[in-house]
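Below you'll find the structure, written out as C-alpha cells, and then a few comments.
The values are calculated or read from the model by the stated rules, or taken from the named source; none is laboratory data. Bear in mind the structure is a predicted one, so any value in this text is a computation, not a measurement. Reconstructed Cβ throughout: ideal geometry from the backbone, glycine too, with neighbour counts over all protein chains shown. Side chains are part of the model used for accessible areas, which takes the heavy atoms of the whole protein and leaves out ligands, DNA and RNA. Shrake-Rupley method; radii C 1.70, N 1.55, O 1.52, S 1.80 Å.
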Amino acid sequence: MPLGRSGRTEQAGLTEARLPHCGGLHTRDGSVDYFQIAGGKRLRGTVEISGSKNAALPIMAASILCEGEVVLHNVPDLADVRSMEVLLNKLGVATSREAGGTVRLKVQDEMNCHADYELVRKMRASVCVMGPLLAKRHKAQVSMPGGCNIGDRPINLHIAGLTGLGADTDLMSGDLLLKAKRLTGAELFLGGPFGSTVTGTANILMAATLAEGRTVIESAACEPEVTDLANFLKACGAQISGEGSPRITVDGVKQLKGCEYTIIPDRIEAGTFMIAGAITNGDIHLRNCRLEHLLAVVDRLRQIGVNIEREGEEVVVSSSRRLEPTTVTSQPYPGFPTDLQAQIMALLCLADGNSIITEKIYPDRFMHVAELNRLGAVLRKEGPTVIVEGVKRLIGAPVMASDLRASAALVLAGLVAKGETTVNRVYHIDRGYERIERKLRPLGADIERLNRATEDS
Ligand code: EPZ
C-alpha cells in the first residue's frame, strides 16, 4: 500500500493496466502517443539534466535491505521508475513521491518475495530485487527476464554470483527460486564474454552487504551507477571499498539503516542532449551534468567537431556546420557507452565522410538502422559493425521506435531532417526520458506529442 507523508494513500505509480512493457504503454483509453517533429530548428538555451534512471532503479531496490525510511532525491519521473515503485509495493515496500523528484520508501511487510512475470517482462531491471530479497528475507522468486529488442540479455552471471554467496537456486515455470538461510562472503568473478554486468554487480553488491564475512567481486562493473549504489549503501551503513574499480570489497554487516540520498545526474540523457545540440548545429547549455562521467563521449564528439566546454556550473555544447567522420566502439565504462550508440549514429549520418560504429556490448543493438535509413541515411550493417556513409541531409518520414535508445536516435534525426518526421511508439522513450518533448520545445525544437486511437489508425 503506497503511503504518502500525511499517511494518505497515493497512487504510487501507473496502475497495472498502464505499466510499460515491451509491447507498449497505452494510455488509459488504449490510445497511443506519437511525436510529430518539424526538422530544421537549431536548438538554443539551457536544459536541466534529470537524475539517473540506471542509478535510481537499483538504489530503489536496495531499500528492501533497510530498516527504516529511505528518502531519495533527484529521482527521475520515468515509466521504468514507476514500474519499480509498483514492483516494490507488491514486495511490501511503501513508496510515496513528492514534488521535485523526492521518493520515500519504507519496508512495511516482508511476506511477498515474488517478482512476477507480468512485472519483470516489462522491465528487466526488476531483476535488481533478487540480491536484496535473498539477503534480507533469505528467499526470492523472480521471473526469468524474457527477450529484449536490444539483444540477448542473460542473467547467468547474477546467478553465479548469488550461488557463490551460498544461495540455492531452482527453476519453476519460468521463475528463478533462490534460498539461503545466511549468505557467506566469497571471492567472486563477474566477467562475461562482453565484459562485466552492471545490474549483476549491483545484485551481488547488495546481497554481500548483509552476508557473513568478506566478499571480493573481481571484474565488477565500473559504471558510475554502480558507484552511486555503493555510496547509497555506505550511507546506510554498509562496509564497501573499491567501487568504480574492477575489484570491489564488501564486509558484511548485521543490518542497514535507512538514509537520505541524492541520485547522480543521468549521463545518458546528458549525452543525448549534447548530440541534440550538435545535430541541429545549435548552442545549448546543460545544467546538472557530470562531465567526468562522459569522458569517452566528449572525446568522440570533439573528434567529430563538436565544441564542449565547462562554463561554471554548466556544460556548453555547440558545433561547426561541418561534422567529421570517426570510429566509435561501445565498451564497458569508462569506454563509450552502448546506451549512446544509436544517438551518435544519428549524428554521424550527417558527417562529411564514412564512419564505423562497432557494438561490443549488444552486437544486435541496431534496430534503429533500418528506421534511420528510412530518413535517407546510408547505413550498412556488417555483423556487430555499421558503416555510416555521411549524407548531405535527412528527409522527414514516419518511423517506428523499437527500444529506449533507438527512439532517442529517431527523435534526434527528426530534429534535423527536412520536413516532418513522425516517431511512433514513444512509450519506449518515456521509459528513460522525462517527457523529452517538454525539454526540447523550450530549446526551440518543433516537436509535439500527439495521440491516436490505436496503433494502426
Ligand atoms: C545495464 O543493463 C543498463 N540497464 C543498460 O541500459 C545498459 O545498456 C547495460 O547495463 C550495459 O551498460 C540498467 O542499468 C537498468 P549488463 P544490464 O548486465 O545490467 C552480458 C538503458 O538503455 N551479460 O551490464 O542488464 C549481456 O548480455 C539500458 O538504459 C551476460 O552475459 O547489462 C551484455 O552483453 C539498456 N550475463 C553484457 O553482459 C549476465 O548475467 C552487459 O550486460 C549479464 C549480462
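The helices (runs of 4 or more DSSP H) located wholly in the stretch 59-174 that include 2 or more residues which are closer than 30 Å to Arg438 by Cα and within 16 Å of the ligand (Cβ to nearest atom) occupy 79-90, 117-120.
Can you find, within the stretch 175-196, the residue that is least open to solvent (accessible area, probe 1.4 Å) among those that are within 9 Å of the ligand (Cβ to nearest atom) and touching a Ser or Thr at 6+ places or on another chain (Cβ under 9 Å)?
Start the filter on the stretch 175-196 by keeping residues that are within 9 Å of the ligand (Cβ to nearest atom), which leaves 190, 192-196.
Okay, now just the ones that are also touching a Ser or Thr at 6+ places or on another chain (Cβ under 9 Å), so 190, 192, 195-196.
Values: Leu190: 1, Gly192: 26, Gly195: 27, Ser196: 35 Å².
Going through the qualifying residues, I end up with Leu190.
The single residue among Gly30, Gly24, Gly13, Gly4 that is in contact with a Ser or Thr (Cβ under 6 Å, 6 or more places away or on another chain) and at pLDDT below 95 turns out to be Gly4.
Within the stretch 152-175, if we keep just the residues that are of a type in the set (A, V, I, L, M, F, W, C) and in contact with a helix residue (DSSP H, G or I) (Cβ under 7 Å, 6 or more places away or on another chain), the residue that is farthest from Ala207 (Cα to Cα) turns out to be Ile155.
Taking residues in the stretch 184-213 that are among the polar types (S, T, N, Q), and partners anywhere that are in a helix (DSSP H, G or I) and more than 12 Å from the ligand (Cβ to nearest atom), the pairs with Cβ atoms closer than 6 Å and at least 6 places apart or on different chains are Asn203/Gly131; Thr209/Leu233. Please work out if Ser143 is closer than 25 Å to Cys236 by Cβ and open to solvent by less than 30 Å² (accessible area, probe 1.4 Å). No: the conditions fail for Ser143. Identify all residues within the stretch 315-329 that are crowded, with 16+ Cβ neighbours inside 10 Å and either under 27 Å from Arg287 (Cβ atoms) or out of contact with any Phe, Trp or Tyr (no Cβ under 8 Å at 6 or more places or on another chain) (or both); write none if there are none. Val315, Val316, Val317, Ser318, Ser319, Leu323, Glu324, Pro325, Thr326, Val328, listed by residue number. For the stretch 208-259, a residue qualifies if it is within 14 Å of the ligand (Cβ to nearest atom) and more than 20 Å from the chain's Cα centre (by Cα), and the qualifying residues are Ile217, Ser219, Pro246. Among helices (runs of 4 or more DSSP H) entirely within the stretch 342-441, having at least 2 residues that are within 14 Å of the ligand (Cβ to nearest atom), surrounded by 24 or more Cβ atoms within 10 Å (Cβ to Cβ) and at pLDDT 95 or above singles out 404-416. Which of the residues belonging to the stretch 51-102 are surrounded by 24 or more Cβ atoms within 10 Å (Cβ to Cβ) and hydroxyl-bearing (Ser, Thr, Tyr)? Answer for the stretch 51-102, where residues must be surrounded by 24 or more Cβ atoms within 10 Å (Cβ to Cβ) and hydroxyl-bearing (Ser, Thr, Tyr): Ser52, Ser63, Ser83, Thr95.
Going through the stretch 306-341 one residue at a time, which ones are within 11 Å of the ligand (Cβ to nearest atom) and small (Gly, Ala, Ser)? Listed by number, the residues that qualify are Ser330, Gly335.
Kindly establish whether Gly45 is without any contact (Cβ under 8 Å) to a residue 40 or more places away in the chain and either more than 12 Å from the ligand (Cβ to nearest atom) or not in a loop (DSSP other than H, G, I, E, B) (or both).
Working: without any contact (Cβ under 8 Å) to a residue 40 or more places away in the chain: no; either more than 12 Å from the ligand (Cβ to nearest atom) or not in a loop (DSSP other than H, G, I, E, B) (or both): yes.
Taking the combined requirement at face value, the residue does not satisfy it.
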